[in-house]
Amino acid sequence: MNRIQGVFQSASFVQFAYLQVLDLLSTIAFLLHGVGEANPLVRWSMKLAPNPVTGLLIVKLAGLLLALYCVQANRDRLLSRINFFYAGLIAWNLVCLVLATRL
């Protein structure tokens, strides 16, 4: 098995990648509703990039590279904890979006 296959067999990495896609989509939904980005690093990246989505994609790619490092360094426990954080963040984002559409 090569290294690439090993990464995709890591449940924590696959979950992290999936959560990053959901976070990207929820962030875009917020932006479409006129809500600004709360994370200063992401906000800075969005300002420097040619358009906000490109800035978001750059940050998400950096996050995936860090997750890849975690897998390679056998830091699955750390990656699992980060996944819990992102799962909670995405749940919160969805609640906010649902409540915003009801008003």
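Tabulated values for the structure
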read-out: Residues that are free of Cβ contacts under 8 Å to residues at least 24 places away in the same chain and in contact with a Leu (Cβ under 8 Å, 6 or more places away or on another chain), drawn from the stretch 50-84; value: 52, 55, 59
read-out: One residue from 58, 4 being at pLDDT 90 or above and either out of contact with any Asp or Glu (no Cβ under 6 Å at 6 or more places or on another chain) or buried (at least 16 other Cβ atoms within 10 Å of the Cβ) (or both); value: 58
read-out: Residue list for the stretch 85-103, restricted to those being under 15 Å from the mean Cα position of the chain (by Cα) and surrounded by 12 or more Cβ atoms within 10 Å (Cβ to Cβ); value: 86, 87, 89, 90, 91, 93, 94
read-out: Number of the condition not met by residue 34 [criteria: (1) surrounded by 14 or more Cβ atoms within 10 Å (Cβ to Cβ); (2) of a type outside the set (A, V, I, L, M, F, W, C); (3) not in a helix (DSSP H, G or I)]; value: (1)
read-out: Unmet criterion (only one of (1) β-branched (Val, Ile, Thr); (2) within 14 Å of residue 13 (Cα to Cα); (3) part of a loop (DSSP other than H, G, I, E, B)) for residue 82; value: (3)
read-out: Selection from the stretch 28-51 of residues that are closer than 23 Å to residue 97 by Cα and either in contact with an Asp or Glu (Cβ under 8 Å, 6 or more places away or on another chain) or basic (Lys, Arg) (or both); value: 30, 31, 43, 46
read-out: Extreme residue, farthest from residue 42 (Cα to Cα), among residues of the stretch 59-84 that are under 11 Å from the mean Cα position of the chain (by Cα) and β-branched (Val, Ile, Thr); value: 82
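The values are calculated or read from the model by the stated rules, or taken from the named source; none is laboratory data. Note that the structure is a prediction, hence the values are computed from the model and not measured. Here Cβ is always computed from backbone atoms with ideal geometry, including for glycine, and neighbour counts include all displayed protein chains.
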